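*Asks:* Take this structure, written in structure tokens, and hold onto it; I'll ask about it next.
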Amino acid sequence: MKALLCTRLGGPEDLAIVDLPDPVPGPGEALVRVTLAALNFFDTLIIAGRYQVKPELPFSPGGEAVGIIEALGEGASGVEIGDRVIVHRTFGTCAERIAVGVAHLTPVPDAVGDEQAAGLTITYGTSLHALRDRARLQPGETLAVLGASGGVGLAAVELGVIMGARVIACASSPEKLRVAQAHGAEMSLDYGEGNLREGLRTLTEGRGVDVIYDPIGGEYAEPALRSLGWKGRYLVIGFAAGEIPRIPLNLALLKGIDIQGVHWGVFVEREPQAHRANQEQLLAWVAEGRLKAKIHGTFPLDHYVEALGILKRREAVGKVLLRP
């Protein structure tokens, strides 16, 4: 089989496509023929050695995919040969085949296409876990999403709308805001042009925001936190801006604010039943036509430099997919 491999840490141009023997599923594993693999911003970090997970070299990037089960290892149950499934891993899906534990698979309903299923797990799984399990977002509450046109940001916008929130999309350009508005955001704020805190306070008529969804960090974190209202919830998703901010804790005290960390990968391992329920909910919303993941582009495997470059430069508007 062909696989995209990271043999030395660096950028997308340091990866290579190589021929490897087909994997053999071990006990409790399935062999999945990958039809589409989805890339995420963290893939650009993991191949550079700058992510919290540091696989041994060589490894294949890619944390999610959709494919067909071709074989089952001893004791593998809950799925069958021929099933179409979502694969969710930290890395390893940018290959024509992957052997993976069945606990990391979710069956895909016939009504959900491959492109929708391939990129549903990480961005939408992270956002649903953040909004439903952590923030416990309620209908009628105000949700402000930073980086609203990126992978997890756009997912948070769409899910916030489905969950009945009033969504404020925050992004760095009018073009990015138009994308978020097309996906249901009721209000928008260009934080490249003005004061984030004051803008959010104005849009909420001084009441403050109920929930902040922040995958950006950096200089935007503190003004976003200051825009929260009484008992607001600040969701720490990631640090795409590169800098991990330091937050004055007196702000949490004065407004009764909750600062909530969202580590989806650990959630999946520690609470597999809750994760499965979230996956099934996402797939049901797609099948019902209530949720439709935006696809930035689908690229052949040998266009991996172009595909990862889009993510590295933070140009992606929706999911970036590779077809092995």
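The values are calculated or read from the model by the stated rules, or taken from the named source; none is laboratory data. Remember, it's a predicted structure, so these values are computed and weren't measured experimentally. Here the Cβ is made from the backbone with ideal geometry for all residues, glycine too, and neighbour counts use every protein chain on show. Keep in mind that these areas ignore ligands, DNA and RNA; they rest on the heavy atoms of the full protein, side chains included. Shrake-Rupley method; radii C 1.70, N 1.55, O 1.52, S 1.80 Å.
*Asks:* I'd like the residue in the stretch 215-274 that is among the acidic types (Asp, Glu) and under 19 Å from the mean Cα position of the chain (by Cα) and, out of all such residues, is nearest to ALA165 (Cα to Cα). Even if it seems obvious, please write down each step before you answer.
*Replies:* Step one: filter the stretch 215-274 for residues among the acidic types (Asp, Glu), giving 219, 222, 243, 258, 269, 271.
Now drop any that are not under 19 Å from the mean Cα position of the chain (by Cα), which leaves 269, 271.
Details: GLU269: 29, GLU271: 26 Å.
Filtering the stretch 215-274 for residues that are among the acidic types (Asp, Glu) and under 19 Å from the mean Cα position of the chain (by Cα), the one nearest to ALA165 (Cα to Cα) comes out as GLU271.
*Asks:* Would you call GLY218 on the phi > 0 side of the Ramachandran plot, surrounded by fewer than 14 Cβ atoms within 10 Å (Cβ to Cβ), at pLDDT below 95 and not hydroxyl-bearing (Ser, Thr, Tyr)? Let's see the steps before the verdict.
*Replies:* On the way: on the phi > 0 side of the Ramachandran plot: yes; surrounded by fewer than 14 Cβ atoms within 10 Å (Cβ to Cβ): no; at pLDDT below 95: yes; not hydroxyl-bearing (Ser, Thr, Tyr): yes.
The answer is no for GLY218.
*Asks:* Something else: Please indicate, with yes or no, whether at least one residue in the stretch 183-200 is of a type in the set (Asp, Glu), closer than 24 Å to GLY150 by Cβ and surrounded by 19 or more Cβ atoms within 10 Å (Cβ to Cβ). I'd like the intermediate steps shown before the answer.
*Replies:* Of all residues in the stretch 183-200, those of a type in the set (Asp, Glu) come to 186, 190, 193, 198.
Checking the rest, the ones that are also closer than 24 Å to GLY150 by Cβ come to 186, 190, 193, 198.
Among the residues that remain, those that are also surrounded by 19 or more Cβ atoms within 10 Å (Cβ to Cβ) are: none.
No, the stretch 183-200 contains no residue that is of a type in the set (Asp, Glu), closer than 24 Å to GLY150 by Cβ and surrounded by 19 or more Cβ atoms within 10 Å (Cβ to Cβ).
*Asks:* Which helices (runs of 4 or more DSSP H) sit wholly inside the stretch 233-305 and have at least 2 residues that are within 17 Å of ALA117 (Cβ to Cβ)? Give the derivation first.
*Replies:* Numbers: elements: 250-255, 264-270, 272-287.
Where helices (runs of 4 or more DSSP H) fall fully within the stretch 233-305 and carry at least 2 residues being within 17 Å of ALA117 (Cβ to Cβ), they are 272-287.
*Asks:* If you go through the stretch 269-301 one residue at a time, how many are open to solvent by 20 Å² or more (accessible area, probe 1.4 Å) and not small (Gly, Ala, Ser)? Before you say what the answer is, go through the steps one by one.
*Replies:* So the first thing to find is which residues in the stretch 269-301 are open to solvent by 20 Å² or more (accessible area, probe 1.4 Å), and the list is 269-274, 276-277, 280-281, 284-285, 287-290, 292, 294-296, 298-300.
The next check asks that each one be not small (Gly, Ala, Ser); those that pass are 269-273, 276, 280-281, 285, 288, 290, 292, 294-296, 298-300.
Of the residues in the stretch 269-301, 18 are open to solvent by 20 Å² or more (accessible area, probe 1.4 Å) and not small (Gly, Ala, Ser).
*Asks:* Counting only residues that are of a type in the set (A, V, I, L, M) and either touching a helix residue (DSSP H, G or I) at 6+ places or on another chain (Cβ under 6 Å) or without any contact (Cβ under 8 Å) to a residue 24 or more places away in the chain (or both), which one in the stretch 19-38 is surrounded by the fewest Cβ atoms within 10 Å (Cβ to Cβ)?
*Replies:* Here is the first cut: in the stretch 19-38, the ones of a type in the set (A, V, I, L, M) are 20, 24, 30-32, 34, 36-38.
Filter again for either touching a helix residue (DSSP H, G or I) at 6+ places or on another chain (Cβ under 6 Å) or without any contact (Cβ under 8 Å) to a residue 24 or more places away in the chain (or both), leaving 30, 36, 38.
Values: ALA30: 27, LEU36: 23, ALA38: 31.
Selected residue: LEU36.
*Asks:* Hey, can you tell me all the residues within the stretch 150-182 that are among the charged types (D, E, K, R) and surrounded by fewer than 19 Cβ atoms within 10 Å (Cβ to Cβ)? First the steps, then the outcome.
*Replies:* If we filter the stretch 150-182 for residues that are among the charged types (D, E, K, R), which is where we start, we get 158, 166, 175-176, 178.
GLU175, ARG178 - these are the residues of the stretch 150-182 that are among the charged types (D, E, K, R) and surrounded by fewer than 19 Cβ atoms within 10 Å (Cβ to Cβ).
*Asks:* Now for a separate question. Name the single residue, out of those in the stretch 315-324 being modelled with pLDDT under 90, assigned to a loop (DSSP other than H, G, I, E, B) and buried (at least 18 other Cβ atoms within 10 Å of the Cβ), that is nearest to the chain's Cα centre (by Cα). Break it down stepwise before answering.
*Replies:* Going through the stretch 315-324, the residues modelled with pLDDT under 90 turn out to be 315-319.
With the extra rule that they be assigned to a loop (DSSP other than H, G, I, E, B), the set shrinks to 315-318.
From the residues that got through so far, the ones that are buried (at least 18 other Cβ atoms within 10 Å of the Cβ) too are 316-318.
Details: ALA316: 12, VAL317: 12, GLY318: 10 Å.
Within the stretch 315-324, the match that is nearest to the chain's Cα centre (by Cα) is GLY318.
*Asks:* Limited to the stretch 1-39, what total is found for residues that are assigned to a loop (DSSP other than H, G, I, E, B), in contact with a strand residue (DSSP E or B) (Cβ under 7 Å, 6 or more places away or on another chain) and under 30 Å from GLY78 (Cα atoms)? Working first, answer last.
*Replies:* Of the stretch 1-39, the ones assigned to a loop (DSSP other than H, G, I, E, B) are 1, 7-11, 15, 20-28.
Narrowing the set further to residues that are in contact with a strand residue (DSSP E or B) (Cβ under 7 Å, 6 or more places away or on another chain) leaves 1, 7, 15, 20, 22-26, 28.
Checking which are under 30 Å from GLY78 (Cα atoms) leaves us with 1, 20, 22-26, 28.
Residues flagged as assigned to a loop (DSSP other than H, G, I, E, B), in contact with a strand residue (DSSP E or B) (Cβ under 7 Å, 6 or more places away or on another chain) and under 30 Å from GLY78 (Cα atoms) within the stretch 1-39 amount to 8.
*Asks:* From PHE42, PHE91, which residue is open to solvent by 20 Å² or more (accessible area, probe 1.4 Å), under 22 Å from PHE239 (Cβ atoms) and touching a strand residue (DSSP E or B) at 6+ places or on another chain (Cβ under 8 Å)? Give the derivation first.
*Replies:* Numbers: PHE42 fails: touching a strand residue (DSSP E or B) at 6+ places or on another chain (Cβ under 8 Å).
Every option except PHE91 fails the conditions.
*Asks:* Being closer than 20 Å to GLU96 by Cα, open to solvent by 50 Å² or more (accessible area, probe 1.4 Å) and not β-branched (Val, Ile, Thr) is the filter here; which residues of the stretch 1-12 pass it? Spell out the reasoning first.
*Replies:* Just the residues of the stretch 1-12 that are closer than 20 Å to GLU96 by Cα, to begin with: 1-7, 12.
Now restrict to residues that are open to solvent by 50 Å² or more (accessible area, probe 1.4 Å): 2, 7.
Hit for the stretch 1-12 is LYS2, nothing else.
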